[in-house]
There are 2 protein chains.
Amino acid sequence: MARVVLGMLGLGTVGTGVVELLSKHRHLTLKKVAVKSLDKDRSAMPSCPLTTDVDEIINDPEIEVLVEVMGGENPTVSYLEQAIKKRKHIVTANKEVLAKHGPRLFALAKEHGVAIFFEASVAGGVPLLSTIHKGLEANEIESITGILNGTTNFILSNMEAGKSYEAALKEAQDLGFAEADPTADVDGFDVAYKLSVLAALGFGHFVKPDTIYKEGIRNITEEDMALAKEFGYRIKLLGTAAKGSSNGSSKNTGFDVRVHPTLVPLEHPLASVSGPNNGIVVRGHAVGQLTLIGPGAGKLPTASAVVGDLMNLAGALKLPDFASYFQPAIEASPASAAPPLAWKCPFYLRLVVKDTPGVIGKIGNIFGTHNISISTIIQRGVEGKEATVVILTHDVLGKDMDAALDELKNCDFLSSLGNAIRIFRSA
Amino acid sequence: MARVVLGMLGLGTVGTGVVELLSKHRHLTLKKVAVKSLDKDRSAMPSCPLTTDVDEIINDPEIEVLVEVMGGENPTVSYLEQAIKKRKHIVTANKEVLAKHGPRLFALAKEHGVAIFFEASVAGGVPLLSTIHKGLEANEIESITGILNGTTNFILSNMEAGKSYEAALKEAQDLGFAEADPTADVDGFDVAYKLSVLAALGFGHFVKPDTIYKEGIRNITEEDMALAKEFGYRIKLLGTAAKGSSNGSSKNTGFDVRVHPTLVPLEHPLASVSGPNNGIVVRGHAVGQLTLIGPGAGKLPTASAVVGDLMNLAGALKLPDFASYFQPAIEASPASAAPPLAWKCPFYLRLVVKDTPGVIGKIGNIFGTHNISISTIIQRGVEGKEATVVILTHDVLGKDMDAALDELKNCDFLSSLGNAIRIFRSA
């Protein structure tokens, strides 16, 4: 196999894994790694010089491929731009940079005749991107939906065992699954970036991350988890990217891209995705439904995706015009996601109410007014005190549910709106 | 995109699907299709001539790629050989031909500088082969295990609802999921062929199908299904191909390739694979465990795999030396599977016994003599009549279980050995 010379930005968890896996592939020669500081104690030191000067890598004409595993938006994006202009191929694990600057970076790469490989940017070790791009090549992709963030899935899995959100988050932090500031994970930003990348691959358009509806897991309680289980569901944080709208009409209203907690039926394969794993359902017009489940993060799984990209790239590098064969067709302009008002799905609602006579009737009337059909309603609690009302609905338009909840909030009998969570519906 | 001229052998279910999907890809020109008879009424007639003379396709120098979806061993294998010698690339869905003649066909293809693509030969629409070959390129594959036959999974899923094997088989036949002679499916031959192909891709060796241990589903009863569920399992027909032995020792005893019914824990992703779907767990040294679930058969899913191969092949055909990049490295000599005596796994046993005092003690003694540790034993039935004893064991060596069962069969208290089924253990 022809020798390919690599440079790498970053030597954190993933970078260390890349060094470890590369040791078995001598034709992939890591020439230099750029790090923030040379003082750090490194357990897996690569057999190549470290530098704190990124320019040493970007300006080295012998380096053909830049492996970017430093993460973050800035200054990473400018390093990538410079490297592309120096005609280096890119292998990156950086969903944030791709989601925010993908259209520009891919246009730039095309202009300079280089390729960007990015398997590791979504779903860690799960070869989701190559599956969509090559494995399902004969399919028009209709939707991609699933558990794309291992941290929140770990937290939710632990909450099923009865832990509070706070306790489960703390355990995730203690084990290194969650950051000290968990915002990117628990509020859905990380999933939104990944959905943008998936939309680019599946539908040819990056979707602007700030147009993607994001609802995180902070408000999920152990009571919600237990109630969901009682009704035959597990609560999972799902990301969805679908062509057209999911409101059931035939009118295509653009891309339906969103992140929110979802009640998934226990018998659905996504319900079996536990701990820090990822699980994704891809729908294609010919294949129907395909599910992939595997490690969404971690040193060796993510490094396996990076090194897989490097091997595929290295094997093809000598082929003339290979970039045109291996690069997905992505439009230069990003798309926007549709607003949530037109989505249709069933809902789970948990209401805390004053236990006065006629409450169920009043709730039923409000829902009826807003075209909401109830499939199950139960009331629990000590008589004369506060009670919990749990409602499962049939399919509801987002705007109808918003309107009904607004009206409910003004009712005297409502102590608090415990939670309103969507129920899984095939995209 | 460059035009590629195709010929096809067979126009059954899959062939019809291929014609349907190809209509969207005008650069893939289907020039001629060979069929058994021109008299058959065909709902999806391709816009190209049909012929009953295979030579018209094999000897046509304009045809670059032969699509083989006629199935069966003979005369198919000789058609493939002739086509390869005429320097045609092959896209095939034929696991039987590959399992039985793969080493020779791949050597012949290498000699004549052509490629054999075979995604559709295993797991229908699930892009399992490209995932192993390209998606997990950076991994050493350790094991591949899963539900590889949709017909038997459909039958077993229906038996869970309380149907007998015979009734479930008849329904599968009525719906077209099972053949009139269901042997290839229900006795494990189909899975064995697929395992041989998977071993070639994952470990570099086809495994001779006649050396593969095959135990089918004919003896599974609805009582077994119900008991399994009671203990937290579902019975699935699993195929496994693993490197080395699975007897827990570090000594590599060759390839462990086998087909048998298995009790899978309800919370395992494979337990959620229902109806005619396939589900496969691949273990790689870096990625850990990856699960794929999707349609294992059917017109459009299987055609999606065939046409995906055609698109990948067509896109790369113009690249010089592409066969060497796209073809997996497969040894010219097939391997043999290890015999079952050295496998270690827990067992489920259902015994029908005469309800005399001390039976449980006698069974316990026999198992103890053969190093078999029991985790659960229960007895059910009307006093004084026949009773059912259900036993779940800890890990047992195959030869120890065989010896214990031989001894049990000679005991007066045993009316019949109801069933002995292996329990899932990560390969």
For segment B:358-373, indicate whether the set of residues that are more than 21 Å from B:P340 (Cα to Cα), free of Cβ contacts under 8 Å to residues at least 40 places away in the same chain and outside any helix (DSSP H, G or I) is non-empty.
-> yes
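For segment A:311-323, enumerate the residues that are in a helix (DSSP H, G or I) and at the interface with chain B (Cβ under 8 Å from one of its Cβ atoms).
Answer for segment A:311-323, where residues must be in a helix (DSSP H, G or I) and at the interface with chain B (Cβ under 8 Å from one of its Cβ atoms): A:M311, A:N312, A:G315, A:A316, A:F322.
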Among the numbered criteria (1) over 28 Å from A:D256 (Cα atoms); (2) in contact with a helix residue (DSSP H, G or I) (Cβ under 9 Å, 6 or more places away or on another chain), which single criterion is violated by A:I374?
-> (1)
Residue by residue through segment A:298-345, note down the ones that are on the phi > 0 side of the Ramachandran plot and either surrounded by fewer than 17 Cβ atoms within 10 Å (Cβ to Cβ) or of a type in the set (S, T, Y) (or both).
-> A:D321
Hey, A:A167 farther than 18 Å from A:S274 by Cα, in the same structural domain as A:R258 (by TED's automatic domain parsing) and hydrophobic (A, V, I, L, M, F, W, C) or not = no
Determine whether B:E267 is over 25 Å from B:S333 (Cβ atoms), surrounded by fewer than 23 Cβ atoms within 10 Å (Cβ to Cβ) and either aromatic (F, W, Y) or more than 14 Å from chain A (Cβ to nearest Cβ) (or both).
-> no
Do we have any residue at all in segment B:149-157 that's among the aromatic types (F, W, Y), at pLDDT 95 or above, within 27 Å of B:D256 (Cα to Cα) and in a helix (DSSP H, G or I)?
-> yes
Filtered residue count, segment A:102-135, keeping only those that are under 13 Å from A:A329 (Cα atoms) and in a loop (DSSP other than H, G, I, E, B) | 1
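Do you know which residues across segment B:300-329 are more than 20 Å from A:P320 (Cα to Cα) and modelled with pLDDT under 90? Please lay out each step first, then the result.
Of segment B:300-329, the ones more than 20 Å from A:P320 (Cα to Cα) are B:300-310, B:328-329.
B:P328, B:A329, listed by residue number.
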Residue that is surrounded by fewer than 22 Cβ atoms within 10 Å (Cβ to Cβ) and either away from chain B (no Cβ under 14 Å) or not in a strand (DSSP E or B) (or both), where the choices are A:A200, A:A180, A:A138 = A:A180
Restricting to segment B:276-310, what's the tally of residues that are in a loop (DSSP other than H, G, I, E, B), within 7 Å of another protein chain (Cβ to nearest Cβ) and either of a type in the set (F, W, Y) or within 16 Å of A:L292 (Cβ to Cβ) (or both)?
-> 1
State all residues of segment A:176-204 that are under 9 Å from the mean Cα position of the chain (by Cα) and among the aromatic types (F, W, Y); if no residue qualifies, say none.
-> A:F189, A:Y193
Check whether at least one residue in segment B:387-405 is surrounded by fewer than 12 Cβ atoms within 10 Å (Cβ to Cβ) and more than 21 Å from B:A228 (Cα to Cα), and report yes or no.
-> no
Per the filter on segment B:43-62, residues in a loop (DSSP other than H, G, I, E, B) and surrounded by fewer than 15 Cβ atoms within 10 Å (Cβ to Cβ) are B:S43, B:A44, B:M45, B:S47, B:P49, B:T52, B:D53, B:N59, B:P61, B:E62
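If a residue must be outside any helix (DSSP H, G or I), under 20 Å from B:D53 (Cα atoms) and away from every other protein chain (no Cβ under 14 Å), how many such residues does segment B:1-29 contain? Before you say what the answer is, go through the steps one by one.
So the first thing to find is which residues in segment B:1-29 are outside any helix (DSSP H, G or I), and the list is B:1-12, B:23-29.
Filter again for under 20 Å from B:D53 (Cα atoms), leaving B:5-12, B:29.
The next check asks that each one be away from every other protein chain (no Cβ under 14 Å); those that pass are B:5, B:7-12, B:29.
Matching residues across segment B:1-29 total 8.
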Considering residues of segment A:158-177 that are buried (at least 17 other Cβ atoms within 10 Å of the Cβ), modelled with pLDDT of 95 or more and among the aliphatic types (A, V, I, L, M) only, the residue nearest to A:G284 (Cα to Cα) | A:M159
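Okay, residues lined up against (1) of a type in the set (A, V, I, L, M); (2) within 23 Å of A:L317 (Cα to Cα):
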{"position": "A:L6", "(1), (2)": "yes, yes"}
{"position": "A:V19", "(1), (2)": "yes, yes"}
{"position": "A:K24", "(1), (2)": "no, yes"}
{"position": "A:T29", "(1), (2)": "no, yes"}
{"position": "A:L38", "(1), (2)": "yes, no"}
{"position": "A:P46", "(1), (2)": "no, no"}
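The values are calculated or read from the model by the stated rules, or taken from the named source; none is laboratory data. These numbers were taken from a predicted model, which means no experiment stands behind them. Here Cβ is always computed from backbone atoms with ideal geometry, including for glycine, and neighbour counts include all displayed protein chains.
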